[in-house]
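Below you'll find the structure, written out as C-alpha coordinates, and then a few comments.
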Amino acid sequence: MPARTASREVLHAQAVQDIARVRFAYPNERYPYFKTYTNHPERTMGVRTPRGTVVYPDIVVVQDPENIVKILGEVETAETVTEDEAHEWKLFAELGPLYLYVPTGYAEEARRLCKKFKVPVVGIRTWRYLLGMDEIEVEDYYTTWSGLEDLAPAPIGRLLKRYLETRPTL
(Lines give C-alpha, C1' and ligand atoms only; values in the text may rest on other atoms or scores of the structure.)
Protein backbone atom coordinates (compact mmCIF):
# COMPACT_ATOMS: atom_id res chain seq x y z
CA MET A 1 0.00 0.00 0.00
CA PRO A 2 1.48 3.38 -0.97
CA ALA A 3 2.39 5.68 1.93
CA ARG A 4 -0.24 8.24 0.90
CA THR A 5 -3.01 5.62 0.90
CA ALA A 6 -1.77 4.21 4.20
CA SER A 7 -1.81 7.66 5.82
CA ARG A 8 -5.40 8.23 4.61
CA GLU A 9 -6.44 4.91 6.10
CA VAL A 10 -4.76 5.79 9.40
CA LEU A 11 -6.45 9.21 9.42
CA HIS A 12 -9.84 7.65 8.65
CA ALA A 13 -9.48 4.99 11.34
CA GLN A 14 -8.42 7.60 13.90
CA ALA A 15 -11.30 9.91 12.96
CA VAL A 16 -13.80 7.03 13.32
CA GLN A 17 -12.47 6.24 16.81
CA ASP A 18 -12.44 9.88 17.91
CA ILE A 19 -15.90 10.72 16.54
CA ALA A 20 -17.33 7.63 18.22
CA ARG A 21 -15.74 8.71 21.50
CA VAL A 22 -16.92 12.33 21.26
CA ARG A 23 -20.39 11.92 19.72
CA PHE A 24 -21.45 8.36 20.50
CA ALA A 25 -20.27 7.77 24.07
CA TYR A 26 -22.64 4.91 24.87
CA PRO A 27 -23.56 3.44 27.22
CA ASN A 28 -24.10 6.50 29.39
CA GLU A 29 -26.40 7.59 32.19
CA ARG A 30 -29.20 8.69 29.85
CA TYR A 31 -28.90 5.67 27.50
CA PRO A 32 -27.57 2.78 29.59
CA TYR A 33 -28.80 0.19 27.07
CA PHE A 34 -27.09 1.69 24.03
CA LYS A 35 -23.69 0.38 22.99
CA THR A 36 -21.33 1.85 20.40
CA TYR A 37 -19.22 -0.21 18.00
CA THR A 38 -16.70 0.97 15.44
CA ASN A 39 -15.75 -0.91 12.31
CA HIS A 40 -12.33 0.65 11.79
CA PRO A 41 -9.60 -0.38 11.97
CA GLU A 42 -11.34 -3.76 12.56
CA ARG A 43 -14.94 -4.84 12.05
CA THR A 44 -16.80 -5.29 15.31
CA MET A 45 -20.54 -4.97 14.48
CA GLY A 46 -22.25 -5.62 11.19
CA VAL A 47 -25.77 -4.69 10.17
CA ARG A 48 -27.92 -7.10 8.17
CA THR A 49 -29.63 -5.70 5.06
CA PRO A 50 -33.11 -6.81 3.96
CA ARG A 51 -31.38 -9.04 1.36
CA GLY A 52 -29.51 -10.84 4.13
CA THR A 53 -26.03 -9.48 3.44
CA VAL A 54 -24.04 -7.83 6.21
CA VAL A 55 -22.60 -4.32 5.88
CA TYR A 56 -20.23 -2.46 8.17
CA PRO A 57 -20.93 1.26 8.65
CA ASP A 58 -18.07 3.05 10.41
CA ILE A 59 -20.05 3.55 13.64
CA VAL A 60 -22.95 1.39 14.81
CA VAL A 61 -25.00 2.14 17.92
CA VAL A 62 -27.30 -0.65 19.05
CA GLN A 63 -29.70 -1.30 21.87
CA ASP A 64 -27.92 -3.87 23.99
CA PRO A 65 -28.34 -6.83 24.40
CA GLU A 66 -30.86 -7.17 21.54
CA ASN A 67 -28.52 -5.52 19.00
CA ILE A 68 -31.32 -3.38 17.56
CA VAL A 69 -29.79 -0.64 15.38
CA LYS A 70 -30.42 2.81 16.87
CA ILE A 71 -27.88 5.07 15.11
CA LEU A 72 -25.38 4.71 12.28
CA GLY A 73 -22.43 6.98 11.58
CA GLU A 74 -20.36 7.13 8.42
CA VAL A 75 -17.05 9.00 8.45
CA GLU A 76 -15.60 10.26 5.19
CA THR A 77 -12.28 11.78 4.18
CA ALA A 78 -11.70 14.41 1.52
CA GLU A 79 -11.20 11.65 -1.06
CA THR A 80 -14.42 9.77 -0.21
CA VAL A 81 -17.09 12.48 -0.48
CA THR A 82 -18.09 11.04 -3.86
CA GLU A 83 -21.07 9.75 -5.81
CA ASP A 84 -19.87 6.16 -5.30
CA GLU A 85 -19.92 6.65 -1.54
CA ALA A 86 -23.34 8.34 -1.71
CA HIS A 87 -24.81 5.03 -2.92
CA GLU A 88 -23.41 3.39 0.22
CA TRP A 89 -24.84 6.20 2.38
CA LYS A 90 -28.27 5.52 0.88
CA LEU A 91 -28.05 1.84 1.81
CA PHE A 92 -26.95 2.68 5.36
CA ALA A 93 -29.74 5.28 5.75
CA GLU A 94 -32.26 2.56 4.91
CA LEU A 95 -30.94 0.46 7.81
CA GLY A 96 -31.08 3.10 10.54
CA PRO A 97 -30.82 6.82 11.32
CA LEU A 98 -27.60 7.92 9.57
CA TYR A 99 -25.24 10.71 10.59
CA LEU A 100 -22.66 11.63 7.98
CA TYR A 101 -19.28 13.03 9.08
CA VAL A 102 -17.21 14.81 6.45
CA PRO A 103 -14.04 16.89 6.65
CA THR A 104 -14.47 20.62 7.17
CA GLY A 105 -15.07 22.20 3.76
CA TYR A 106 -16.94 19.20 2.30
CA ALA A 107 -20.35 19.58 3.94
CA GLU A 108 -22.01 21.39 1.04
CA GLU A 109 -20.81 18.73 -1.42
CA ALA A 110 -22.07 15.98 0.90
CA ARG A 111 -25.45 17.68 1.17
CA ARG A 112 -25.62 18.08 -2.61
CA LEU A 113 -24.90 14.37 -3.06
CA CYS A 114 -27.51 13.46 -0.46
CA LYS A 115 -30.12 15.51 -2.30
CA LYS A 116 -29.08 14.16 -5.71
CA PHE A 117 -29.31 10.52 -4.59
CA LYS A 118 -32.17 11.06 -2.11
CA VAL A 119 -30.13 9.93 0.90
CA PRO A 120 -32.24 10.61 4.01
CA VAL A 121 -29.47 11.48 6.46
CA VAL A 122 -30.44 12.64 9.94
CA GLY A 123 -27.49 14.99 10.04
CA ILE A 124 -24.30 16.10 8.37
CA ARG A 125 -21.40 16.99 10.63
CA THR A 126 -17.94 18.30 9.81
CA TRP A 127 -14.73 17.19 11.46
CA ARG A 128 -11.13 18.30 11.59
CA TYR A 129 -8.04 17.99 13.72
CA LEU A 130 -6.69 21.27 14.99
CA LEU A 131 -3.11 21.91 13.96
CA GLY A 132 -0.69 20.73 16.63
CA MET A 133 -3.42 19.00 18.65
CA ASP A 134 -4.63 15.44 18.74
CA GLU A 135 -8.19 16.44 19.62
CA ILE A 136 -10.89 16.26 16.98
CA GLU A 137 -13.32 19.13 16.46
CA VAL A 138 -16.82 18.19 15.29
CA GLU A 139 -19.36 20.81 14.17
CA ASP A 140 -23.04 20.40 13.32
CA TYR A 141 -23.67 21.47 9.72
CA TYR A 142 -27.13 20.15 8.91
CA THR A 143 -29.82 18.35 10.89
CA THR A 144 -33.12 17.13 9.51
CA TRP A 145 -35.83 19.37 10.82
CA SER A 146 -38.56 17.55 12.66
CA GLY A 147 -41.65 19.70 12.47
CA LEU A 148 -45.36 19.74 11.86
CA GLU A 149 -45.08 17.27 8.98
CA ASP A 150 -44.24 14.62 11.58
CA LEU A 151 -47.55 15.28 13.35
CA ALA A 152 -49.70 15.07 10.22
CA PRO A 153 -51.45 11.85 9.14
CA ALA A 154 -49.07 9.58 7.21
CA PRO A 155 -50.05 10.43 3.59
CA ILE A 156 -50.09 14.19 4.23
CA GLY A 157 -46.92 14.02 6.32
CA ARG A 158 -45.08 12.22 3.49
CA LEU A 159 -46.19 14.89 0.99
CA LEU A 160 -45.09 17.69 3.33
CA LYS A 161 -41.72 16.03 3.92
CA ARG A 162 -41.18 15.57 0.18
CA TYR A 163 -42.04 19.22 -0.41
CA LEU A 164 -39.68 20.41 2.36
CA GLU A 165 -36.83 18.23 1.06
CA THR A 166 -37.13 19.45 -2.52
CA ARG A 167 -37.79 23.17 -2.01
CA PRO A 168 -34.89 25.52 -2.65
CA THR A 169 -32.87 26.46 0.40
CA LEU A 170 -32.22 30.07 1.23
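The values are calculated or read from the model by the stated rules, or taken from the named source; none is laboratory data. None of these values were measured; they are calculated from a predicted model. Note: ideal-geometry Cβ built from the backbone for every residue, glycine included; neighbour counts use all protein chains shown.
Key figures for this structure:
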{"quantity": "Residue in the range 129-143 that is closer than 20 Å to Val22 by Cα and touching a Cys at 6+ places or on another chain (Cβ under 8 Å) present", "calculated": "no"}
{"quantity": "Cβ pairs under 6 Å, 6+ apart, first in the range 96-110 and touching a residue at least 60 places away in the same chain (Cβ under 8 Å) and farther than 16 Å from Glu79 by Cβ, second surrounded by 21 or more Cβ atoms within 10 Å (Cβ to Cβ) and of a type in the set (S, T, N, Q)", "calculated": "none"}
{"quantity": "Within the range 13-43, tally of residues that are basic (Lys, Arg) and in a strand (DSSP E or B)", "calculated": "1"}
{"quantity": "Conditions (1) among the acidic types (Asp, Glu); (2) modelled with pLDDT of 95 or more; (3) over 17 Å from the mean Cα position of the chain (by Cα); number of the one not met by Asp64", "calculated": "(2)"}
{"quantity": "Some residue of the range 78-85 being among the hydrophobic types (A, V, I, L, M, F, W, C), surrounded by fewer than 19 Cβ atoms within 10 Å (Cβ to Cβ) and without any contact (Cβ under 8 Å) to a residue 24 or more places away in the chain", "calculated": "no"}
